[in-house]
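Right, one structure below, let's go through it.
Where a number appears in this text, it was derived from the coordinates with a stated rule and is not lab data. It should be emphasised that the depicted structure is a prediction, and the values quoted were computed from it without experimental measurement. Neighbour counts are summed over all protein chains in view; Cβ atoms, including those assigned to glycine, are modelled from backbone coordinates with ideal geometry.
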Amino acid sequence: MSQVGSNPVTFVLVTALYFGVYGEIFSLFPATQGDTFGSKYAAANAGMLLHRKGAGSLLVPVAAIIAKNHGWGAVFTVGMSFNIIAALMALFVLKPCA
């Protein structure tokens, strides 16, 4: 996106592709957390996952401010950093618990 995002046609096609494969969060995440943490609190855990997804949408104005002040590269860098932190936490926090 950072390389071709300025082209409107490419932007629309790439975002359509991205959101076309984004539906797995509703099917795979609840199943994965049920397998990981058990079925006793599966509904509560799935609700927390969807709640966090909604809470994350509140960060959109923050991303807009960062983009205005520092450009979209900074927004993507922050997002990538959060993904790396989540992956490391999965390896070093979640995996030992399982």
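Computed values, structure above
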read-out: 0 to 90° range, to nearest 10: angle between helix 42-56 axis and the chain longest Cα axis; value: 20
read-out: Chymotrypsin sites (Phe, Trp or Tyr not before Pro), loop per DSSP, at most 14 other Cβ atoms within 10 Å - longest free stretch of the chain; value: 42-98
read-out: The chain: angle of helix 60-70 to the longest principal axis, Cα-based, in degrees nearest 10; value: 40
read-out: The chain: angle of helix 72-89 to the longest principal axis, Cα-based, in degrees nearest 10; value: 20
read-out: Sequence-distant lysines (8 or more away, or on other chains) whose Cα lies within less than 27 Å of LYS95; value: LYS40, LYS53
read-out: Helical contribution to [θ] at 222 nm, DSSP H n ≥ 4, -39,500 (n - 2.57), averaged over the chain, rounded to 500; value: -23500 deg cm²/dmol
read-out: Rg/Rh ratio calculated on Cα atoms of segment 12-53 (Kirkwood radius); value: 1.14
read-out: Vicinal HN-Hα couplings computed from phi for segment 14-26 (Karplus, 6.51 cos²θ - 1.76 cosθ + 1.60; Hz; Gly/Pro x); value: 5, 5, 5, 5, 4, 6, x, 9, 7, x, 5, 5, 8
read-out: Cα convex hull of segment 49-98, projected area averaged across orientations, nm²; value: 4.0
